[in-house]
Amino acid sequence: MAKNARQLCFDALCQVYRDKGYSSIVLDRVLKQCGAQPQEKTLAAALFYGVIERDLTLGYQIDRYSKRKCAKLDIEVAVILKMGLYQLLYLEQIPERAAVHETVSLCQYARKTSAKGFVNAILRAAIRDGKQVVLPVEDGFWRLSVRYSCPEWLLKQWAEEYSLDTAQRLAEASLGRPPLTVRVNTLKTSDEELCALLKKRGVGLQKNRWVEHCYALEHSGSLSELPEFQQGLFYVQDASSQFCAKILDAKPGMTVLDLCSAPGSKAFTVAQGMENKGELLAFDLYEHKTRLISDGAKRLGLDCIKAQVGDASVYREDLPKADRVLCDVPCAGLGIIRRKPEIKYKPRESLKDLPEIQRRILENGGRYVKPGGRLLYSTCSLSRAENEAVAEGFLKAHPEFEPVDLETDWGKAAEAKGNMLTFFPHLIDSDGFFIALFERKGEKHEKD
Ligand SMILES: C[S@@+](CC[C@H](N)C(=O)[O-])C[C@H]1O[C@@H](n2cnc3c(N)ncnc32)[C@H](O)[C@@H]1O
């Protein structure tokens, strides 16, 4: 018999909490071959992401009602409780009787029958309390942390680096599901044609107000099953990432190196700008990831892209000098928490080596740039250490490069400072992103 929504959600959450799996990969895997009805899958996904993004808030509620702290409970029991509380506190459409009954039943499925009474008692206590989210009384970062389910260290860092107001807005914007944003493959179709085809299938499309050929989709179902996707008429890419590829401004016939390329969406947009003419060498450290780039490029008909394994921090004599070099470096991902909510719970300690890795990749990327050629550094993080500090450090150490001033017509939605641009998710309903652009001094030999 096919599993129900809560059983699927429980399986997936255990893989995230116990086995430290990535949310999107885990959920895809659990839902793919489960044989459940679409509405069960939809509820499973809503519960799954809801519990992860509200983890600290839910844990705090459990600690109020339970003698044993949430962190000391069996992972399975903690997951069951968080699922039950999430339904009671956040999913109004689920009747409270169903929420309690289904959650207690999960104990059987999880082989934790001895926890039934305990789970029932905690959920009943939350109902007696009026199903409200209770916050710590004292004002301050701890209260904000519980309110937005965001670690205190991160709120403090954002408050210090941006402002307290921005920190709160960033934390708030990291809750809820992000839009599914795609880009039209203009080499195979037009906006009008693609929109008409997708509308016929009942897919809703919302044109992005800042980025051309960019749409948010609704009710699309599984993208990989849509013929238009299989035919390479579009691909998934967030608006700020599309904008980044545009800023690189690669032209037909150019040589471009994309040093951290997988899964390849920026390479795809850059290759479109090149009209598929020239050479775009796309690297990633991991072989299995380079296959994502090649498969995507094949589907989209972008044969100027050549994907290969390569370490972006190590110089290779055999690579050509390039007109454009893109360093879209590995980062903490603090701009894409809404997409991948588990990111915010990574220990701060695990992020401390990133700026040095990023610096090494940018340094190395610079070595490939031709005179007059451009170097773009980007992250999907919101942290001065990963962004401005790396970009400014590079310019200081490399007088042979100059900053290229960046502007957008995005108004207040993007913060522009000389050659650096930061996109804040609460202002653009899109991923947080950072871009810095440099040009190697010397004579230009650009192909127009
Ligand atoms: C931010 S993601 C790139 C996203 C990609 N540019 C896109 O738009 O689809 C960073 C990528 O860098 C890769 N990576 C990490 N360390 C690397 C290294 N030393 N050399 C090359 N790639 C690396 C990761 O595997 C990951 O795929």
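The values are calculated or read from the model by the stated rules, or taken from the named source; none is laboratory data. None of these values were measured; they are calculated from a predicted model. In this analysis, Cβ positions are derived from the backbone assuming ideal geometry, glycine residues included, and neighbour counts consider all displayed protein chains. These area figures cover heavy atoms from the full protein model, side chains too; ligands, DNA and RNA do not enter into them. Shrake-Rupley method; radii C 1.70, N 1.55, O 1.52, S 1.80 Å.
For segment 1-25, the tally of residues that are farther than 23 Å from Gln108 by Cβ and either in a loop (DSSP other than H, G, I, E, B) or open to solvent by less than 20 Å² (accessible area, probe 1.4 Å) (or both) stands at 4.
Residue-wise test of (1) without any contact (Cβ under 8 Å) to a residue 60 or more places away in the chain; (2) at positive phi; (3) over 19 Å from the mean Cα position of the chain (by Cα).
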{"site": "Lys370", "(1), (2), (3)": "no, no, yes"}
{"site": "Leu376", "(1), (2), (3)": "no, no, yes"}
{"site": "Thr379", "(1), (2), (3)": "yes, no, no"}
{"site": "Phe394", "(1), (2), (3)": "yes, no, yes"}
{"site": "Ala397", "(1), (2), (3)": "yes, no, yes"}
{"site": "Thr408", "(1), (2), (3)": "no, no, yes"}
{"site": "Ala414", "(1), (2), (3)": "yes, no, no"}
{"site": "Thr422", "(1), (2), (3)": "yes, no, no"}
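Among the numbered conditions (1) of a type in the set (Phe, Trp, Tyr); (2) closer than 24 Å to Met83 by Cα; (3) part of a loop (DSSP other than H, G, I, E, B), the only one that Trp210 does not meet is (2).
Entry remark, segment 399-422: residues being crowded, with 17+ Cβ neighbours inside 10 Å, farther than 20 Å from Arg384 by Cβ and modelled with pLDDT of 90 or more number 1 in total.
When residues in segment 39-57 are screened for being in contact (Cβ under 8 Å) with a residue 60 or more places away in the chain and either basic (Lys, Arg) or more than 18 Å from Gln15 (Cβ to Cβ) (or both), 3 of them pass. Against the test of being touching a helix residue (DSSP H, G or I) at 6+ places or on another chain (Cβ under 9 Å) and over 25 Å from Thr422 (Cα atoms), the options Leu280, Leu248 yield a single qualifying residue, Leu280. Checking each residue in segment 313-364 for being under 18 Å from Cys244 (Cα atoms), part of a helix (DSSP H, G or I) and near the ligand (Cβ under 10 Å from one of its atoms) picks out Gln358, Ile361. Checked against the criteria, Gly232 counts as open to solvent by less than 10 Å² (accessible area, probe 1.4 Å), in a loop (DSSP other than H, G, I, E, B), more than 11 Å from the ligand (Cβ to nearest atom) and more than 27 Å from Val314 (Cα to Cα).
Being in a strand (DSSP E or B) and open to solvent by 50 Å² or more (accessible area, probe 1.4 Å) is the filter; apply it to segment 365-386 and report the residue that is nearest to the ligand (Cβ to nearest atom). Going through the qualifying residues, I end up with Lys370. The residues listed here are Glu92, Glu96, Glu76; of these, the one that is of a type in the set (D, E, K, R), in contact (Cβ under 8 Å) with a residue 24 or more places away in the chain and farther than 22 Å from Asp11 by Cα is Glu96. Would you check if there is a residue in segment 48-71 being open to solvent by 10 Å² or more (accessible area, probe 1.4 Å), closer than 22 Å to Ala115 by Cα and in contact with a Gly (Cβ under 6 Å, 6 or more places away or on another chain)? Looking through segment 48-71, at least one residue is open to solvent by 10 Å² or more (accessible area, probe 1.4 Å), closer than 22 Å to Ala115 by Cα and in contact with a Gly (Cβ under 6 Å, 6 or more places away or on another chain).
Remark: Ser241 falls outside the filter, which requires a residue to be hydroxyl-bearing (Ser, Thr, Tyr), on the phi < 0 side of the Ramachandran plot, in contact with a helix residue (DSSP H, G or I) (Cβ under 7 Å, 6 or more places away or on another chain) and part of a loop (DSSP other than H, G, I, E, B).
There is no residue in segment 30-40 that is closer than 30 Å to Ile336 by Cβ, in contact with a Gly (Cβ under 9 Å, 6 or more places away or on another chain) and surrounded by 20 or more Cβ atoms within 10 Å (Cβ to Cβ).
The set of residues in segment 284-304 being more than 9 Å from the ligand (Cβ to nearest atom), hydrophobic (A, V, I, L, M, F, W, C) and either open to solvent by 50 Å² or more (accessible area, probe 1.4 Å) or in contact (Cβ under 8 Å) with a residue 60 or more places away in the chain (or both) consists of Leu300, Leu302. Counting only residues that are in a strand (DSSP E or B), more than 10 Å from the ligand (Cβ to nearest atom) and open to solvent by less than 10 Å² (accessible area, probe 1.4 Å), segment 248-280 holds 3 of them. Screening the candidates Gln7, Gln61, Gln15 for the property of being of a type in the set (S, T, N, Q) and either touching a strand residue (DSSP E or B) at 6+ places or on another chain (Cβ under 6 Å) or free of Cβ contacts under 8 Å to residues at least 60 places away in the same chain (or both) yields one hit, Gln15. Just one of (1) open to solvent by 50 Å² or more (accessible area, probe 1.4 Å); (2) free of Cβ contacts under 8 Å to residues at least 60 places away in the same chain; (3) under 23 Å from Leu334 (Cα atoms) fails for Arg177. It is (2).
Taken over segment 168-186, the criterion of being of a type in the set (Ser, Thr, Tyr) and touching a strand residue (DSSP E or B) at 6+ places or on another chain (Cβ under 7 Å) is satisfied by Thr181 alone. Which condition number does Glu225 fail, the rest of (1) surrounded by fewer than 18 Cβ atoms within 10 Å (Cβ to Cβ); (2) under 28 Å from Ala45 (Cβ atoms); (3) within 16 Å of the ligand (Cβ to nearest atom); (4) of a type outside the set (A, V, I, L, M, F, W, C) being met? Here Glu225 meets the rest and fails (3). Residues of segment 112-126 include none that is more than 20 Å from Ala332 (Cα to Cα), modelled with pLDDT under 95 and not in a helix (DSSP H, G or I).
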